[in-house]
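Step one of this worksheet: look at the structure below.
The values are calculated or read from the model by the stated rules, or taken from the named source; none is laboratory data. What you see is a predicted model; the values in this text were computed from it and never measured. A quick note on method: Cβ atoms are made from the backbone with ideal geometry, for glycine too, and the neighbour counts reach across all protein chains shown.
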Amino acid sequence: MQQMHSGGCQCGAVRFQAIADTAESISCNCSRCRRLGLLLTFTPSSAFRLEQGEDNLSEYKFNKHVISHLFCKTCGVQSFARGVGPDGSEMIAINARCLDGVDADTINPKKFNGAAV
Ligand SMILES: [Zn+2]
């Protein structure tokens, strides 16, 4: 179910609001996601609003450099990433573990074999 969520990093410097459906989350086994334990919920960038912290984000890119992995300069937590969907539209990959009031243990993510991509 699409719902309005708020979330952000650990220290609070990075805060956002987004409409997203956490039931449609994925867990990925690529070299980054498996280390961070990312639980990703995708939403169009039009359904995502960064309320604060743009200046406090560091960017990391790897592999094909198509995803902008963003983490807080202060606390190091990656609460979202920016990317492009298969149709070329701008997408946000939210770390569902960073959403307020969402119990990640209630999410049953689809497994994505990012290690094989
Ligand atoms: Zn932070």
First in region 10-26 and more than 6 Å from the ligand (Cβ to nearest atom), second anywhere and in a strand (DSSP E or B) and among the hydroxyl-bearing types (Ser, Thr, Tyr), Cβ under 6 Å, 6 or more apart: GLN17/SER6; ALA18/THR43; ALA20/THR41; ALA20/THR43; THR22/THR41; SER25/THR41
For region 54-67, how many residues are touching a Gly at 6+ places or on another chain (Cβ under 7 Å) and surrounded by 14 or more Cβ atoms within 10 Å (Cβ to Cβ)? 1
From the list PHE71, PHE48, exactly one residue is aromatic (Phe, Trp, Tyr), within 12 Å of the ligand (Cβ to nearest atom) and out of contact with any His (no Cβ under 6 Å at 6 or more places or on another chain). Which is it? PHE71
Restricting the search to region 62-83, which residues are over 13 Å from the mean Cα position of the chain (by Cα) and modelled with pLDDT under 95? PHE62, ASN63, LYS64, HIS65, VAL66
